[in-house]
Structures are given as structure tokens and as C-alpha cells.
Amino acid sequence: MATVPEARELLLRVLLAAAAFACAAAAAAGSGSKVPAIYVFGDSTADVGNNNYLPGSAVPRANFPHNGVDFPTSRPTGRFSNGYNGVDFLAMNMGFKRSPPPFLAVANRSNNQVFRGLLGVNFASAGSGVLDTTGSSIIPLSQQVEQFATVQRNISARISQGAAGAVLSRSLFLVSTGGNDLFAFFARNSTPSDADKRRFIGNLVSLYQNHVKALYVLGARKFAVIDVPPIGCCPYPRSLHPLGACIDVLNELARGFNKGLRDAMRAVSSSFQGLKYSVGSSHAVVQSIMKHPQRLGFKDTTNACCGSGRFNGKSGCTPNATLCGNRYEYLFWDLLHPTHAASKVAAAAIYNGSLHFAAPVNFRQLVEHQC
């Protein structure tokens, strides 16, 4: 039977071996990649094609033109963008080619890289929210977490539980969701009282926190979460306003949710050992673009590049929609989503920027780690 010093020595060797595996995994994940893998959860701001695989006509999709017109080979992939989305650009900043593949594209394949804990998986589903009741015919956040649990079990079976724990602890867990929950609440009650807003946001943030805790139990340690932009200023809400202005209630809900999200992440990080996080503010980025568009190369911050009706925001981007010619001068691609150009600016600010755009550290500081 081993003595206490011998047991400690054995434990130390196991931990060092696990750490060495994680470092080697990071090196093997991609040329110059700063983390072994990225696991993405969320809505249409992060979806790279999961909804393409879902049945039914009610599923929100973007796997048709003019979506993807500026993507390599000009093909629609399921991204609600003319090119890449924000997750793609964040992944590029970490040394990857683009976002990891959609879960439903790899779930039934024997993907050696993904199931060795490398590259990662994107679970995001357009139309989904924090609440299971948000959206229909989509994959809610709770189910996305369950899908990750399946991946985690496969990784553990492939490379051992200890090695899986080591590689997952160094991987990045990116969450971008909440906007659809706020839209759904507004659709039910466009003139909520302050008490109604506080109650709804409190419940929403609490559930969001529970999902973060569930991922922690499954091995997640580094969380990069993205807040909700001023959604009341998107072309679709503007098209509903008699004067074409931003809808204040939606923006108030976004601000309330974002404050709750910051507080919740701070609280969970102090309660769960080893949990590190950054809240990237898409809200601050969009506000900056709207305040000083020309400094960043934008000329139109109110109309959608692709759509129809008032502000091009009455319907989505379809093959028959009106398409602008100067896509890189627009903030909005369609009725709700940013252009490739705006996503690139947002990712740069959140990854490398000041505390105004990501706190308590930026995403680069979160992911970079010396082995």
C-alpha cells in the first residue's frame, strides 16, 4: 500500500500527464490555435447550420440565397449573414479556420478530431433561447447542453476520463443567446410594468446561470459569453415603430438582461472553483457603430442590406428579397442580424478590446494560457 508521500507523488504525476495532454491537444487542434476546442451554444447569432438538419417548415433557416453571398464559394451555409458570423471571426482570432462544425453535421460520423476533444462543436440553433418555451421546432439551450453531454461522453470513452477533463478544462465554451427570449416576452406584452420586466429577467438570468453550472459539471471551465445588443434598433423593430425609431422597451429589456448576466457570471465564478469567464458586449459594439459609423467604415445603420418593406426589415433575406450592392457599408444584413463586416468589427473588439467591450478580461486574455 502506498504511503502518503508516494500517493501524493502519484497524484502529481497524473495531474502533470493530464496537463501535458491538454497542451499537446491545444497544439494539435490547429495551426497556432490557442485552445484545444471551442464549444458554441446559442441562437441565430451563432448558428452555422444546425437548423439545416431539422425537419418542418416552421424552422428558421438561412440555407438559401442571398445568405452566404460573401462566404467562400458564395454558398449559403445556414449562417444568418452575407458571409461569416461573429463566432467564425472569434474562432479565427483563436487560430482556427472558422467556427467548429454544427453538431448535427458530425453527430453520426466517426470524427476522430472532434471526439478526441479537438476543434470543437457548434450546438447553436436559430430561433432558440434560454427558455425551453422560446421558439418552436428548434433546439433550446437545455437540449444543446444535453448534446454536449453526449460529445463529452464520447471524448471520455475515446481518450479516457482524466484526459477528457484536462482537454475540456482548457477549451472555450462560448454562449450567445437571450435575444429571442426578450422578443418573445415583448410579443406577449409590449407595455410591461417595471415589476414584470424585473421578474422576467430575474427568471431568465437564473435559468441561464443553471445552464452554465450544468456545463461546469460536464467539465467546462472557460466561459466566453456574449450579451444582447440593443435589439430595439434592429430593422424589424424599427419597422413597427410609427416614427421608425428604436423600440425603447426592447432596449430596456436588453440592458436589464445584460446587467443580470454580468452579475450572474460574477457570482458563479466566485462559487465554482477554476471557473473563468469573460462577458463580451455586442451591445457596446453596436452602440459604438451606431454612434460613429463612418469611423468604422459604415454608412447605413438603420436599414437591412437584404430584405423587403420598410427599412428592408419587414421580412427576411430570401432569394427574391432586395439586396444592397455595398454590403460592407451596412451594419445590418437582414431584419435582425449583422453583416459580415459588422461581425468582424464586433469580434475584434470583444477579443482584443478594452473593458468597455469585454470584462472582467477580454476574450484573448481568457483563452491565452501558458502550459
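If you roll a 1.4 Å probe over the chain with all protein chains in place, what percent of the accessible area is carbon or sulfur?
Details: 8660 of 15850 Å².
For the chain, the apolar C and S fraction of the accessible surface comes to 55 percent.
Within the P(r) computed for region 262-314, what percentage of the Cα pairs occupies the region above 19 Å?
Across region 262-314, Cα pairs with separations above 19 Å total 55 percent.
Over the alpha carbons of region 182-238, what is the largest minus smallest coordinate on each principal axis, giving the biggest first in Å?
Principal-axis extents of region 182-238 (Cα, largest first): 41, 26, 14 Å.
With a 1.4 Å probe and every protein chain left in place, work out the accessible area per residue of the chain in Å², rounded to a whole number.
Working: 15850 Å² over 371 residues.
It amounts to 43 Å² per residue over the chain.
State the three equivalent ellipsoid semi-axes of region 119-243, derived from the C-alpha gyration tensor as the square roots of 5 times its eigenvalues, in descending order and whole Å.
34, 14, 12
For the chain, set up a GNM with springs between Cα atoms under 10 Å and report which of SER288, SER74, SER57 has the largest fluctuation.
Judging by the Gaussian network model, the answer is SER57.
Once the piece of chain linking SER137 and GLN161 is laid out straight, how much longer is it, given 0.36 nm per residue of separation minus the C-alpha distance between them? Walk me through the numbers on the way to the answer.
Numbers: separation 24, 0.36 × 24 = 8.64 nm, distance 3.39 nm.
Gain on stretching SER137 to GLN161: 5.3 nm.
Assign one of three labels to region 78-144, namely rounded, prolate or oblate, based on the Cα gyration tensor with a ≥ b ≥ c the square roots of its eigenvalues; rounded applies when a/c is under 1.5, prolate when it is not and a/b is larger than b/c, and oblate otherwise. Write down the numbers at each step before the final one.
On the way: a/c = 2.17, a/b = 1.29, b/c = 1.68.
Oblate is the answer for region 78-144, as a/c is 1.5 or above yet b/c matches or exceeds a/b.
Could you count how many Lys pairs in the chain have their Cα atoms under 26 Å apart, skipping same-chain pairs fewer than 8 positions apart?
Close lysine pairs under the 26 Å cut-off: 26.
Measure nothing fancy, just the Cα-based angle from helix 282-291's long axis to the longest principal axis of the chain, in degrees from 0 to 90, nearest 10.
Long axis of 282-291 versus the principal axis of the chain: about 40 degrees.
Please work out the Cα center distance from region 98-173 to region 299-371, rounded to the nearest Å.
25 Å
Do the sum for the chain: with -39,500 (n - 2.57) for every DSSP H run of n ≥ 4, divided by all residues, what is the mean residue ellipticity at 222 nm, to the nearest 500 deg cm²/dmol?
-13500 deg cm²/dmol
What does the highest-first list of 352-359, 60-67 look like by mean Cβ count within 10 Å? Before the final figure, lay out the partial values.
Numbers: 352-359: 16.6, 60-67: 20.8.
Most protected by this proxy first, the peptides run 60-67, 352-359.
Using only Cα atoms, find the angle between the long axis of helix 248-271 and the longest principal axis of the chain, and express it within 0 to 90 degrees, rounded to the nearest 10.
10 degrees
Run the numbers on the chain and let me know its relative contact order in percent, using alpha-carbon pairs under 8 Å that are six or more apart. Intermediate results must be reported in sequence, preceding the final value.
Values: 776 pairs, mean separation 66.1, N = 371.
Here the relative contact order equals 18 percent.
Where does each of 225-231, 360-366 land if you order them by average Cβ count within 10 Å, highest first?
225-231, 360-366
So how long is each side of the chain along the principal axes, counting just the alpha-carbon atoms, biggest first, in Å?
Projected onto its principal axes, the Cα set of the chain covers 79, 49, 42 Å.
The values are calculated or read from the model by the stated rules, or taken from the named source; none is laboratory data. These numbers were taken from a predicted model, which means no experiment stands behind them. Please note: Cβ atoms are built from the backbone with ideal geometry, for glycine as well, and neighbour counts cover all protein chains shown. Ligands, DNA and RNA are excluded from the accessible area calculation, which covers all protein heavy atoms including side chains. Shrake-Rupley method; radii C 1.70, N 1.55, O 1.52, S 1.80 Å.
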